[in-house]
Every structure is written in structure tokens, then in C-alpha cells.
1. Just to check I understand the Karplus step: with θ = phi - 60° and J = 6.51 cos²θ - 1.76 cosθ + 1.60, what whole-Hz values come out for the stretch 50-58, glycine and proline as x?
2. Would you give the gap between the C-alpha center of the stretch 417-488 and the C-alpha center of the stretch 299-330, rounded to a whole Å?
3. Convert each backbone phi in the stretch 424-439 into a coupling constant with the Karplus relation 6.51 cos²θ - 1.76 cosθ + 1.60 (shift: θ = phi - 60°), then list the ³J(HN,Hα) values in order as whole Hz, x for Gly and Pro.
4. Ranked by Cβ crowding within 10 angstrom, fewest neighbours first, how are Cys362, Cys340 ordered?
5. Enumerate the amide H contacts of Thr343 below 5 Å, restricted to partners 5 or more residues apart or on another chain; note that Pro and chain-start residues carry no placed amide H.
6. Could you work out [θ]222 nm for the chain from helices alone, using -39500 (n - 2.57) per DSSP H run of at least four and dividing by all its residues? Round to the nearest 500 deg cm²/dmol.
7. What aspartates and glutamates could a cross-link reach from Lys393, if we take a straight Cα to Cα line under 14 Å and drop same-chain neighbours fewer than 8 places away?
8. Non-local amide H neighbours of Gly279 (under 5 Å, H modeled in plane, Pro and chain starts lacking H): which ones?
Amino acid sequence: MKIAIVETRPFKDQKPGTSGLRKRVRVFRQPHYLENFVQAIFDTQKDLHGGTLVLGGDGRYHNREAIQVILRMAAANGIARVLVGAGGILSTPAASCVIRKHRAQGGIVLSASHNPGGPDADFGIKYNIANGGPAPESVTGAIHQATLSLSRYHIAEIPHVDIDHLGETRLGEMSVEVIDPVADYETLMESLFDFDRIHALFNSGHFHMRFDAMHAVTGPYAVRILENRLGAEPGTVMRAEPLADFGGGHPDPNLAHAHDLVQQLFGREAPDFGAASDGDGDRNMILGRRFFVTPSDSLAVLAANAHHVPGYRQGIRGIARSMPTSQAADRVAARLGVECFETPTGWKFFGNLLDAGRVTLCGEESFGTSSDHVREKDGLWAVLFWLNLLAVKRQSVEQIVREHWRLYGRNYYTRHDYEAVDSERAEALMKDLGDKLAALKGQRFGDYRVEQADDFAYTDPVDGSRSEHQGLRVLFEGGSRVVFRLSGTGTEGATLRLYVERFEPDPERHNLDTQEALAELIAIAEQIAGIREHTGREKPDVIT
Ligand code: G6P
Ligand code: ZN
């Protein structure tokens with residue numbers, strides 16, 4: 001096998017963001033662009049030399065070409081073994097599962113998550129470490145540093161590698177194993193959930209569901225597990241075939257982008273249960289018949305009912321949620337007598353807590369939920385968890401959630417997004433508000449009195465690392481709050497997120513419309529922060 005050493009020059013824009021390096025396809029297609037980044041991974045992640053690498057992606061445009069390049073570079077850089085998902089497919093949670101199960105030293109996942117795909121849309125590459133989780137900042141920082149001084153990369157001069165047939169081939173010293181992308185993941189799910197019971201539920205003839213795979217990576221997983229294995233009727237999985245451009249859609253499971261699914265669940269003869277997942281399979285949306293479950297409530301319900309599910313029968317150790325996620329889960333943790341952690345936004349902040357065995361479940365308001373079974377959020381896992389609960393409880397989704405509210409109280413919750421705001425104006429808003437926070441304490445606004453107001457900072461209880469400026473919070477007496485944050489994942493200008501939450505203990509008042517229930521707090525947020533004046537916007541672009 002001949003290895004070429006190719007001369008190259010650094011690209012200055014290869015700093016990974018919240019979830020790896022995400023750019024337009026055309027950026028990745030520049031000569032040497034992908035190669036440079038991959039070489040930086042191999043140069044800095046020494047454990048990979050003589051070790052095992054897991055490789056796959058969400059099937060988006062450019063996935064297959066990138067896999068060929070990475071295989072040739074892995075062979076040239078002394079990687080001993082690569083496990084690649086057949087067809088180049090591996091969902092993010094499945095990659096995490098495979099890394100852990102096969103004790104790989106790391107994994108490369110090709111995805112831009114819920115961003116659109118296609119020649120004019122987005123591509124991405126992220127590196128996961130041996131625990132199966134996203135690389136922490138120390139690792140992404142080292143990779144970025146390496147990209148800034150790169151002058152050559154190594155690549156084997158070999159023909160195209162067949163990644164469509166299961167089995168092992170050799171590239172020089174390196175072994176390439178094309179693996180079934182679903183098998184290990186399916187085995188893991190079976191070890192956690194009561195498949196017989198879920199099968200019986202589908203077989204009862206009284207239970208129907210729809211799963212929207214959004215033409216993204218979960219299609220093959222959902223068909224295999226829900227339809228073939230658990231007996232859901234054929235056609236349960238909509239948009240099941242992964243397409244390079246996701247069928248032109250935006251593969252983000254929310255009320256806006258999973259439009260057909262939402263229409264079915266809110267229409268006549270609605271099925272009992274609906275769910276969707278995103279581009280790379282780590283997000284989830286849960287729907288009942290004419291009923292939307294907020295991600296924050298979903299986390300709380302799963303935590304409160306975990307003992308009904310085989311994998312969590314012994315109870316959970318603790319719960320972690322990102323700061324802007326509603327405090328519904330905190331109430332469950334308090335009742336269970338387990339620890340509850342409030343972390344900054346971003347899945348990577350859960351990694352240490354999970355590795356240290358401090359928490360079992362974690363979740364974020366941004367449609368992410370998971371547990372210690374992998375080190376990523378896991379869309380289909382959340383769906384199977386709900387299915388297991390539905391099978392055990394024989395209640396509707398709505399009944400389960402309403403019963404939860406009766407017991408714990410309801411945390412009314414909404415998020416208002418102001419997208420593509422001029423960055424300077426958005427930063428000015430945050431600065432002005434930050435300057436004002438100290439003076440807010442004790443002030444009364446209508447029915448609400450400020451108990452505390454601060455700029456959220458987090459000290460990781462495991463390694464002591466500190467993360468500052470993670471969002472501005474105004475906390476009111478009684479548990480209500482408004483939180484302001486600038487998104488870390490936007491690609492155009494700044495996205496201002498306003499998170500609003502109100503705790504309502506009285507079951508007589510659990511039937512209000514969310515926006516109405518929160519109207520006073522939304523007005524208070526405007527009064528405190530001057531969103532309209534600062535952004536020049538009359539109303540948010542997206543309300544979830
Ligand atoms: C990604 C991350 C999540 C995060 C979400 C929203 O999906 O994996 O951990 O919650 O982005 O982040 P943002 O900074 O846009 O609010
Ligand atoms: Zn995703």
C-alpha cells in the first residue's frame with residue numbers, strides 16, 4: 001500500500017463549535033479542507049494509533065465521499081481497525097454505543113445534526129472520545145490548534161473501499177469492518193426496555209403510532225426496531241428512507257418541521273402516539289393524541305416512572321438538566337431523594353456526571369433526552385422509554401402527563417427565539433441586562449417578586465472546571481423565572497432565546513393555554529430587558 005504525504009496549508013476557520021465542525025458542503029469540498037481537519041484529529045489523538053476508530057454519519061450529502069477519504073487517511077496514519085457503519089450510516093447515539101461496546105479509542109461522526117443537507121446546505125464532522133461522548137473542550141481545542149499549523153497530511157493511495165457489504169477487508173495493516181449500523185444499538189435497547197410488553201401493546205390492535213424519521217438517519221433504526229421487531233404496523237415509520245438532502249426538509253423534530261406528523265396527531269382519527277427524531281438521531285419530540293409533551297416535561301415524566309422500565313428498575317442515581325430546561329425534573333429528584341444538577345446548555349456538560357455515576361437521566365429543553373446507556377442524547381431511546389411506559393400503564397400520553405402534573409404541579413414553559421438578530425444589538429441587550437441584574441433583587445413586578453438574578457456560571461462537580469456567562473437568569477419567588485441566552489449553534493447573526501417558566505401547583509389551573517399562562521411573565525421579561533427596542537423585533541420568530 002502506497003502512502004502519499006500531501007503538502008497543505010492551514011485553514012483558519014476550523015474551530016469546532018458546540019457540536020463539531022459544521023460548514024456548508026462547498027466549504028468542505030475545497031481541496032484539502034476535510035483532510036486537514038482529519039489529520040489534526042489523528043495528530044492529536046494518539047490513542048488512535050494502533051487503536052480502533054468508529055466511523056459513520058447521518059447519510060447526508062457528501063457523507064460517502066468523506067468516509068472514503070477518512071478510511072484512506074486512517075490507513076495511512078496507523079489506525080489498526082475501523083468499524084464503519086454499512087452504507088456509511090451510524091446515528092449519533094448508535095456511534096456512541098458502538099464506541100463503548102467495542103472499546104474503541106474514538107469515533108468520527110459525519111453530521112450537521114438538524115441542519116438541512118444537500119449540495120448547498122450543511123455538512124459536519126465531530127469527534128467522540130473513548131467514553132462514547134462528544135470530545136470535551138480540551139480535545140477540540142487541541143484539534144483546532146493543530147489545524148492552525150498543519151503542513152502535510154497522510155493518505156493511502158488505494159481504490160474505493162466497499163462500505164455496502166458487511167464483513168472485513170484489509171487496507172495494508174488496517175482492518176476495515178463494515179458493521180450493521182443497527183445491530184449493537186438494537187441489542188442495547190433490548191437490554192433496557194421490555195420488548196415483549198411493547199410488542200403486546202402493538203399487537204393489541206388498539207394502539208397506533210407514527211414515527212417521523214424525517215428522511216434522516218433514524219429511518220433504518222426505527223423500521224427495524226419498531227416495525228420489524230416490535231410489531232408496529234408497516235408504515236408506522238414515515239419518511240423512513242435516509243436521503244442525502246432529507247427530502248428538502250429541515251430534519252428538526254419540532255412542531256414546525258414535523259408538520260405532517262403534527263397534523264396527523266392533531267387530526268381526526270389521530271393515532272395514540274407520535275414521535276420524531278432529527279438528522280443524526282439524537283433529538284426527539286413526543287406527542288400524544290392531540291397533545292404535545294414539552295421536552296422538559298418528558299424528562300420529568302421519564303424520571304418519575306423509570307422504575308417501570310427494566311433498565312432502570314433499581315432506581316435512578318440522579319438527574320441532570322441544562323439550566324434553561326424547566327425545573328419539573330427537580331421536583332421529581334426531590335421526591336425520589338436523588339441529586340439534581342443544573343448544567344450549562346450543551347450535552348458535553350453531562351459527560352462527567354454520567355462517567356462518575358452521579359446521574360442516570362439527563363435532558364435539555366432543546367429536544368434532547370438520554371441516560372447513562374450512552375454518552376449522547378438518544379432520540380429513539382426516548383421513544384422506546386415512552387412506549388414501555390404506555391405498555392405498562394395502559395394510559396394515554398395525555399393521562400400520564402396530567403397525572404404527573406397533579407402529583408408534582410405543572411411547570412408551564414415556553415421558549416421564544418429571535419433569530420438572525422444583528423450580533424451587536426443582541427450583545428448590547430445582554431450587556432445592559434447583565435448590568436442591571438444586581439439591582440433587580442427584591443423588586444416586585446405585578447404578581448412576581450425577584451428572589452435572585454444572576455449570570456449563570458457552573459463549576460463541574462467532578463473535575464472542578466468552571467464555565468461562566470451561560471445565560472442571564474431572573475428567578476422569582478415561588479419558582480417562576482425568565483432566562484435570556486444567546487444561542488451557541490446559530491449560523492447567521494445572533495439568536496436570542498428567552499425561556500419562560502411558571503410553576504403552578506393548583507390542578508384546577510393546569511388547563512390553561514401555555515402562552516396565556518405565561519403572558520404576564522413574558523411582559524415582565526420585555527419590561528426588564530427591552531427586547532423590542534434592542535432587537536427591533538415586534539415578536540419572536542419561533543415559539544416552542
Ligand atoms: C445542540 C446541542 C445541545 C443544545 C442545543 C441548543 O443540539 O447538542 O446540547 O442544547 O444544540 O443549543 P443553543 O446554543 O442553540 O441553544
Ligand atoms: Zn442532532
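1. After applying 6.51 cos²θ - 1.76 cosθ + 1.60, I find x, x, 10, 10, 9, 9, x, x, 8 Hz.
2. That distance is 25 Å.
3. 5, 5, 5, 5, 5, 4, 5, 5, 4, 5, x, 5, 8, 3, 4, 6
4. Fewest-to-most ranking of Cys362, Cys340: Cys340, Cys362.
5. Arg321, Ser322, Met323
6. Result for the chain: -9000 deg cm²/dmol, rounded to the nearest 500.
7. Reachable aspartates and glutamates: Asp194, Asp272, Glu403.
8. Placed amide hydrogens put His114 under 5 Å from Gly279.
None of the figures in this text is laboratory data; all of them are computed from the coordinates on show. What you see is a predicted model; the values in this text were computed from it and never measured. As a convention, Cβ positions derive from the backbone with ideal geometry for all residues, glycine included, and neighbour counts pool all protein chains shown.
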